[in-house]
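Below is one structure; the comments refer to it alone.
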Amino acid sequence: SLSKLQLKTGDLDPRLFSRLRHLQKLDLSDNLLDKFPNSLTLPDLRVLNCNNNKLEDVTALKQFPLLEELTYENNVYLTLNDDYKVMFLLQNLRLLNGKDITKLANHVRRVNSRKLTSKVTAHWEKFFRDQLPEKYTAEQVKSIKKKFLKSVQTNVVYGPSSLSEFTRWRVKMIAEEFLAYSLGLELNSDPEPEEKMDEDEEESKESPREAAEDVGQVGDFSSNINSVTVAPSKRKRNNSKPGSGNKRSKSQANTEEEAEDVSAEPLHFLQCHSKGNSREDFKTQLWSCVFEPLLDCGARKDPIVSSSRTVATCGGESVCLIDCETGTVLKKYKVATEEFFSVAWTTLTMVISDSRKKSHNILAAAGRRGIVKLIHVAADFCYGEIKAHKKPIATVCFSPTQETHLFTASYDKRIALWDIGIPDCDYNFKASQLLVLEALSIPLRIALVPTCPEQYLLAGCEGGCLAWNIKLDKEQKCRPFEAIFQFPDEDGSVTTAHRVDGLAFLNDDVIVSKSSKPGCIYLWSWSRSFDAKGKGYQRTVSAVILAELEWSTTDLSYLTLSTCPAKDYVFCGDEKGSVWMYNLSKYTTAWSSAKGKRSDKRIPPTQILKWPELRANGEQLTEILVNNVVSDPTFTYLVVLTSVNITAIWKKS
């Protein structure tokens, strides 16, 4: 079912559809299709619904020879002539717009064709046969063919005048077949000029996207995905100049060059985490999203940039898996009594069925109940849970080097490290707790140090930014923090006490952290701030600040940030639904040099993506907080999670 998705002809990508070799039923009703692309090649299609579109022509439907049921009501440009055309073209058609047409179709295919064929032959014999000399040149043939086709379509009439268009269409077809058969003339020797493609089709040509791999069985979410109408005036992109027509406008940016660099456009707005599947739910908060790691199989990748297109999102009672390119919710997992706050991926080498070892992506999801759910996504199976904490879990993350090691940070002011084990072929697994890290306040964000992920962990907490030694060769299972970092305060002094609600590494050394102090995002150096040779626990360390990013002046907390290390980008949403994007590639070299001195001025955003004007049930959505914004590793897609139960997906153009 692809109904009600505002699809245009160019959105039906033949490369994707041609892989659906066994698709039997397709619903494209309530879209904006004006014609069918010629090469969708759905060889097994039996039932097709195209009600409520803008179709102007039906002849492309002949590519579905096994079609038995077809409906295209409320396509205002289609007439009775088109009904006769599909009856002729589709030899197996039984039902057209709900009516049994078996008898009429037989008449059209047999009696009608026989009558028209004899009339066409007679017309040739009477008026044209003698015009052709015994030895004729290709030029003469071409000329007589042209005259004959014109004359025969004008003069051969049959049936009611309301069907004259169908009759002319059939007469031309019969006349061409007759000429080819009796004179060996090529069919369509001078093809009609092709119509110019509309913009959508050009786009699909420009960027060939590989079809999605076969999707496993999908969960129970046919009715859960409500798309939201975007007021068309604002859909294209933000400050487009009046009169710029359909050309893509750029979002706000500092310079022309940078605008080219990052301009992105909105692809999809999904409301897929609604409580009880309600269309009226604009309250569920969405918190966390992570792109699926690429496997040789399974994860959908964008063929151009070899990056994953599938992202796991969580909020309310559900976790969703979304294909960013198509906006399809591939899977949905629900726990009625849960509120999910965090998701994380790992790839385990497991023996599942035929005793061969194979890599599988596993998703961990956790939230208010303090329980971690472990989901084998490809098998649609939640195979286990770990009762990790008695209080809610704020965030989870896997070790990049030890695939079974999972960190859980909880409202009980502790961070635990678990070994989740590897499930056997019956999904039996054994989880064990390896470490407990004591924080002084609730840990909100955690990050492992990229150069030594098995040695140090950082956490942004309600009361400050802390670091722990997590090396497992030490005896002590329960550990206090090793260092707390101090930052400049508003009054010019330094402080350790502030809420750190954003924390991520931009590269091996540069940390980006956000303090709830209004408008403040710091970039600082791990290696210059933290001396690994320092003795003792709980020491206070000054963060060596490299730069400060200009951001919103809001004092709202928990609007978190993320980074795209491969592209030197930082992303952070604000309280107005906008996404602030910072391209820091021209600064990172200077920061990494030994002298790397601090950038004096605050660095402004390279671009701010403004939230488009969305309407839900005719009402404009307001007060949209961006809780989280994450890009895939190559920055092709940007997923924006909001406080109003909407996941927005942008694509870099």
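The values are calculated or read from the model by the stated rules, or taken from the named source; none is laboratory data. This is a predicted model, so every value here is computed, not measured. FYI the Cβ positions are ideal-geometry reconstructions off the backbone, even for glycines, and counts take in every protein chain you see. The accessibility values were calculated without ligands, DNA or RNA, using every heavy atom of the protein model including side chains. Shrake-Rupley method; radii C 1.70, N 1.55, O 1.52, S 1.80 Å.
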### Query
What residues have an amide H closer than 5 Å to that of residue 461, excluding those fewer than 5 places away on the same chain, when H is modeled at 1.01 Å from N in the peptide plane?
444, 466, 500
## Note on the structure
Probe 1.4 Å, heavy atoms of protein chains only: per residue, the accessible area of region 1-113 in Å² is 50
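Rounded to two decimals, what is the ratio between the C-alpha radius of gyration of region 9-183 and 2.2 N^0.38 Å?
Numbers: Rg = 18.7 Å, N = 175, 2.2 N^0.38 = 15.7 Å.
My calculation over the Cα atoms of region 9-183 gives 1.20.
Please give the charge dipole size of region 370-426, origin at the Cα centre, charges +1 on K and R Cβ atoms and -1 on D and E Cβ atoms. Round to the nearest 20 debye. Numbers along the way, then the final one.
Working: 6 positive and 7 negative charges, 105 e Å.
Here region 370-426 has a charge dipole of around 500 debye.
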### Summary
The set of residues whose placed amide H lies less than 5 Å from the amide H of residue 479, leaving out same-chain residues fewer than 5 positions away, is 436, 437, 438
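Determine the alpha carbon to alpha carbon distance for each of 4/115; 35/651; 25/115 and list only those over 32 Å.
Working: 4/115 43 Å; 35/651 26 Å; 25/115 35 Å.
From 4/115; 35/651; 25/115, over 32 Å: 4/115; 25/115.
How do 171, 436 rank by accessible surface area computed with a 1.4 Å probe, from largest to smallest? Please list the in-between numbers first.
Values: 171 0, 436 20 Å².
The ordering from most to least exposed comes out as 436, 171.
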### Query
Whole number please: convex hull volume per residue of the Cα set in region 319-428, in Å³?
113
### Task
Using θ = phi - 60° and the Karplus relation 6.51 cos²θ - 1.76 cosθ + 1.60, list the HN-Hα couplings for region 412-417 in order, rounded to whole Hz, with x at every Gly or Pro.
7, 6, 10, 10, 10, 10
### Query
Too long at a 21 Å Cα-Cα cut-off: which of 567/652; 8/576; 357/474; 332/413?
8/576; 357/474; 332/413
### Query
Along region 544-556, what does the Karplus equation 6.51 cos²θ - 1.76 cosθ + 1.60 (θ = phi - 60°) give for ³J(HN,Hα), rounded to whole Hz, x for Gly and Pro?
7, 6, 9, 6, 10, 9, 6, 8, 4, 8, 5, 10, 5
### Query
Which value, in Å² rounded to 10, gives the accessible area of residue 473 with a 1.4 Å probe and all protein chains present?
110
### Query
Between residue 264 and residues 5 or more places away or on another chain, which pairs have amide H atoms under 5 Å apart, with H built 1.01 Å from N, and which residues are they?
251, 653
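Report, to the nearest whole %, how much of the accessible area of region 465-583 belongs to carbon and sulfur atoms, 1.4 Å probe, protein only. Intermediate results must be reported in sequence, preceding the final value.
Working: 2190 of 4500 Å².
Within region 465-583, the accessible surface is 49 percent carbon and sulfur.
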### Per-residue ³J(HN,Hα) for region 568-583, Karplus 6.51 cos²θ - 1.76 cosθ + 1.60, θ = phi - 60°, Hz, x for Gly and Pro
6, 10, 10, 10, 8, x, 10, 7, 10, x, 8, 10, 8, 10, 10, 8
### Task
Would you mind putting 504-512, 33-41 in packing order, based on average other-beta-carbon counts within 10 Å, highest first?
504-512, 33-41
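Given a Förster distance of 60 Å, report the FRET efficiency between residue 575 and residue 172 from their Cβ-Cβ distance, rounded to the nearest 0.05. Spell out each step's value before the answer.
Values: r = 64 Å, r/R0 = 1.06.
That pair, residue 575 with residue 172, gives E of 0.40.
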